[in-house]
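First up is the structure itself, then whatever we jot down about it.
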Amino acid sequence: MSRVSMFSSPLLLGFDQLERTLERLAKNAEGYPPYNIERIGEDGLRITLAVAGFSSDDLVIELVENQLTVRGKQADDPTRVYLHRGIAARQFQRAFMLAEGIEVTGARLDNGLLSIDLVRPVQEPRIRRIRIEAGDVGRGAGTTIDITARRTR
C-alpha cells in the first residue's frame with residue numbers, strides 16, 4: 001500500500017528533506033521533559049525546558065544545520081542509598097527544527113529551568129532577475145527577457 005505524502009503536490013518542489021525531518025521529529029515527540037516556547041520582543045523566541053535535578057554538566061545543547069538538540073544524562077551516585085526513589089533521573093533528548101536564519105543567542109540554567117534564547121534577524125526581501133531566452137529552442141538564438149522574482153517574509 002502506498003503512502004500519500006503531504007508534500008506530494010507538484011507545486012511543492014524540493015521539500016522531500018523537510019518531510020523526512022518532520023517525520024523524524026514526530027517519532028521523537030516524547031513528553032519529557034516538558035517545555036514552553038514564548039515570544040520575546042519582536043524578533044526573539046525562548047525555549048524553556050523543565051530539567052529539575054540536572055546540572056549544567058549533565059546537559060548538552062547542539063545546533064547541527066537547522067536542528068537544535070538538547071540532551072540530558074545524569075550520572076548515578078553509587079554512594080546514595082534510596083529507601084524510595086520517586087524522582088526520575090532518566091536521560092532525554094529533545095529536538096527542535098529552526099527556520100532558516102534563526103540564531104541561538106544563549107542558554108541559561110536557573111532553578112531547574114533551562115532557557116535557550118533565539119533571535120530571527122530581520123531580512124530584507126531578496127529580488128533576483130531571472131533571464132529568459134526567447135527564440136528557436138534548437139538553435140539557441142533569440143532575445144533575452146528579464147522577469148523579477150520576489151521573496152517575501
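Assorted remarks:
- Subset tally (residues that are of a type outside the set (Lys, Arg), out of contact with any Phe, Trp or Tyr (no Cβ under 9 Å at 6 or more places or on another chain) and outside any strand (DSSP E or B)) for the range 108-122: 3
- The range 106-124, residues that are touching a residue at least 24 places away in the same chain (Cβ under 8 Å) and surrounded by 10 or more Cβ atoms within 10 Å (Cβ to Cβ): ALA107, LEU109, GLY112, LEU113, LEU114, SER115, ILE116, ASP117, LEU118, VAL119, ARG120, GLN123
- Unmet requirement for SER9, which otherwise passes all of (1) in a loop (DSSP other than H, G, I, E, B); (2) surrounded by fewer than 13 Cβ atoms within 10 Å (Cβ to Cβ); (3) modelled with pLDDT of 90 or more: (3)
- The listed residue being farther than 30 Å from ARG20 by Cβ and either modelled with pLDDT of 90 or more or exposed (fewer than 12 other Cβ atoms within 10 Å of the Cβ) (or both), out of GLY72, GLY41, GLY142: GLY41
- Test set (1) surrounded by 10 or more Cβ atoms within 10 Å (Cβ to Cβ); (2) free of Cβ contacts under 8 Å to residues at least 12 places away in the same chain - TYR82 fails condition number: (1)
The values are calculated or read from the model by the stated rules, or taken from the named source; none is laboratory data. Predicted, not measured: the structure shown is a model, and the values here were computed from it. Methodologically, a virtual Cβ is constructed for each residue, glycine included, from the backbone with ideal geometry; neighbour enumeration extends over all protein chains shown.
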